[in-house]
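The values are calculated or read from the model by the stated rules, or taken from the named source; none is laboratory data. Since this is a predicted model, take the numbers as computed values, not measurements. Don't worry about glycine lacking a Cβ; one is built from the backbone with ideal geometry, like all the others, and counts go over all protein chains shown. Calculation scope for accessible area: heavy atoms of the full protein, side chains included, ligands and nucleic acids excluded. Shrake-Rupley method; radii C 1.70, N 1.55, O 1.52, S 1.80 Å.
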Amino acid sequence: MSGSLFALVRSRIPSLGKPLIETPDGTRISYGDMLARTGRLANALVRRGVKPGDRVAVQVEKSAENLMLFLAVVRAGAVYLPLNTAYTTHEVEYFVGDAEPRLLVCDPARRDALTPVAARHGAVVETLDATGRGSLAELAAAAPEAFEDVGRAADDLACILYTSGTTGRSKGAMLTQRNLGSNADTLVGYWRFTATDVLLHALPIYHTHGLFTAAMTLMLAGGSMLWLPKFDADQVISLLPRATTLMGVPTHYVRLLQHPGLTREATAHMRLFTSGSAPLLAETHEAFKARTGQAILERYGMTETGMNTSNPYDGERIAGTVGFPLPDIAVRVADPESGAVLPADEIGVLEVKGPNVFAGYWRMPEKTQTEFRPDGFFITGDVGKIDARGYVHIVGRAKDLIISGGFNVYPKEVESEIDLLPGVVESAVVGCPHPDFGEGVTAVVVRTPGATVTEAEILAALDGRLAKFKQPKRVLFVDELPRNTMGKVQKNVLREQNKGLYA
Ligand code: AMP
């Protein structure tokens with residue numbers, strides 16, 4: 001029996017006439033159109049020499065055709081490799097050199113810059129723009145609709161997603177047909193998706209959140225998507241009455257809260273708002289609930305694993321936690337060095353095992369080995385705990401841990417104290433090189449508009465609330481924290497900007 005992801009998608013098609021995607025400009029792609037378009041695209045890929053198992057690297061703007069291309073690649077048995085549109089030519093060269101794709105699909109505007117890059121690594125280039133036009137679309141238009149799906153085994157690769165690489169080189173996470181199918185299917189059940197759902201899709205699709213958690217889950221439920229090129233608060237608010245669910249990153253919810261159109265009435269038709277990819281402030285959760293009556297459901301996942309945990313659909317959604325392990329997925333907390341499993345409420349590294357866990361890093365067998373325990377658990381690098389009720393809490397990334405004067409300081413603990421102070425919107429705490437302490441605890445703070453709270457006041461407020469070694473040596477103020485598109489605070493940027501602070 002085929003274990004292929006496309007076979008699974010095909011098996012869930014509710015009816016050929018049912019809309020899969022609608023875009024604000026009026027483009028409507030039904031499930032039947034999807035079969036026709038992916039058939040033509042798959043034929044075009046084969047004509048360009050793509051064979052089962054070959055990688056197809058794709059750096060294009062989000063469009064409906066971009067989703068069709070992803071589906072066509074897996075339908076043809078090839079391996080989809082999406083790239084962030086922000087990557088420079090130099091960065092793309094690293095991925096192309098590492099993954100050795102047969103085909104590189106890029107925006108027409110980048111064709112000249114990327115053709116020599118592709119040629120150096122044996123790839124050919126085709127183009128696709130934000131409106132779905134380009135040389136690949138032309139090839140597809142001339143190709144037949146009929147395409148025989150290429151069967152794949154459950155353990156065959158479907159995608160390679162490069163991690164954001166905030167430390168060291170970006171690594172290609174190899175995701176199998178089973179990884180992607182099982183995780184999306186679990187979410188269909190856990191989050192109660194049905195064919196009546198309409199997802200407001202405003203996430204990028206070069207990342208696991210938008211492509212798998214959102215789009216794949218919707219397709220396995222046989223639902224529909226309102227497909228936005230990017231998150232725009234005005235547009236999202238105006239479309240809420242036509243949707244049933246929204247999946248966002250925390251920054252999206254912060255922006256919606258700043259919009260006067262976010263009301264109880266505007267969200268009355270919505271059954272589910274989810275948040276992930278970065279921590280949602282408890283304050284945002286509460287403000288959203290007060291405004292709309294809706295409790296945002298926070299969940300936790302990563303490129304290598306897809307979704308691991310989720311707050312419950314029916315039970316209590318607790319702000320500041322990421323909920324329970326999903327069905328069939330085991331999550332535990334271990335001592336980072338010894339690997340000993342820790343009891344409830346103790347902080348350690350989160351480890352995960354299940355059908356969602358990736359097959360390893362592309363061409364990095366040694367690196368892969370060091371990230372797994374002998375019993376098959378993947379060491380996520382996230383630091384957290386599981387409380388007595390079974391809710392998982394994330395405290396931060398292991399690499400963000402600060403060691404000051406030989407003591408471990410978890411940034412989240414310091415940030416939580418600072419965030420409670422009047423005049424503070426949010427904070428990020430990082431370790432910067434310090435001649436005496438190794439690392440100096442450094443707080444970077446965003447003030448509420450008009451607030452005048454000073455460094456001395458913050459330090460005075462923390463004295464007595466935090467042990468001396470956890471107290472920041474310096475408090476710096478910024479207008480906003482540096483974040484990537486998925487809303488993650490880029491602590492590496494803060495460390496780099498302030499590396500000379502204590503010199
Ligand atoms: P990525 O591979 O880009 O999806 O990033 C995964 C990382 O994002 C995880 O390892 C966590 O550090 C972080 N993350 C994802 N969801 C959450 C969440 N709900 N709360 C806190 N951190 C999260």
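Hey, any hits in the stretch 349-368 for a residue that's touching a strand residue (DSSP E or B) at 6+ places or on another chain (Cβ under 9 Å) and in a helix (DSSP H, G or I)? Taking every residue of the stretch 349-368 in turn, at least one turns out to be touching a strand residue (DSSP E or B) at 6+ places or on another chain (Cβ under 9 Å) and in a helix (DSSP H, G or I). Look at the stretch 451-476: where a residue is among the polar types (S, T, N, Q) and a partner is part of a helix (DSSP H, G or I), sitting 6+ places away or on another chain with Cβ atoms under 6 Å, you get 471/462.
Condition check ((1) crowded, with 19+ Cβ neighbours inside 10 Å; (2) part of a strand (DSSP E or B); (3) more than 16 Å from the ligand (Cβ to nearest atom)) across all residues:
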{"residue": "259", "(1), (2), (3)": "no, no, yes"}
{"residue": "265", "(1), (2), (3)": "no, no, yes"}
{"residue": "273", "(1), (2), (3)": "yes, yes, no"}
{"residue": "278", "(1), (2), (3)": "no, no, no"}
{"residue": "283", "(1), (2), (3)": "no, no, no"}
{"residue": "288", "(1), (2), (3)": "yes, no, no"}
{"residue": "307", "(1), (2), (3)": "yes, yes, no"}
{"residue": "320", "(1), (2), (3)": "no, no, no"}
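Search the stretch 290-302 for residues being surrounded by 21 or more Cβ atoms within 10 Å (Cβ to Cβ) and not aliphatic (A, V, I, L, M), and hand back the single one that is nearest to residue 385 (Cα to Cα). So the residue we want is 300. Quick check: is even one residue across the stretch 353-371 free of Cβ contacts under 8 Å to residues at least 60 places away in the same chain, within 14 Å of the ligand (Cβ to nearest atom), over 19 Å from residue 276 (Cβ atoms) and open to solvent by 40 Å² or more (accessible area, probe 1.4 Å)? No - not one qualifying residue is present in the stretch 353-371. Among residues of the stretch 273-293 that are of a type in the set (Phe, Trp, Tyr), those with a Cβ under 6 angstrom from a residue that is within 16 Å of the ligand (Cβ to nearest atom), sequence gap 6+ or separate chain, pair up as 273/246; 273/296; 288/253; 288/296.
Within the stretch 224-246, can one find any residue that is farther than 18 Å from residue 193 by Cα, out of contact with any strand residue (DSSP E or B) (no Cβ under 8 Å at 6 or more places or on another chain) and open to solvent by less than 10 Å² (accessible area, probe 1.4 Å)? No, there is no match, as no residue in the stretch 224-246 is farther than 18 Å from residue 193 by Cα, out of contact with any strand residue (DSSP E or B) (no Cβ under 8 Å at 6 or more places or on another chain) and open to solvent by less than 10 Å² (accessible area, probe 1.4 Å).
Tell me the residue from 11, 15, 30, 63 that is among the hydroxyl-bearing types (Ser, Thr, Tyr) and touching a residue at least 60 places away in the same chain (Cβ under 8 Å), please.
63
Would you mind stating whether residue 346 is modelled with pLDDT under 95, exposed (fewer than 15 other Cβ atoms within 10 Å of the Cβ) and either in a strand (DSSP E or B) or more than 16 Å from the ligand (Cβ to nearest atom) (or both)? No; evaluated as a whole, the condition is false for this residue. What number of residues within the stretch 59-75 are surrounded by fewer than 24 Cβ atoms within 10 Å (Cβ to Cβ) and among the aliphatic types (A, V, I, L, M)? So the count comes out to 1.
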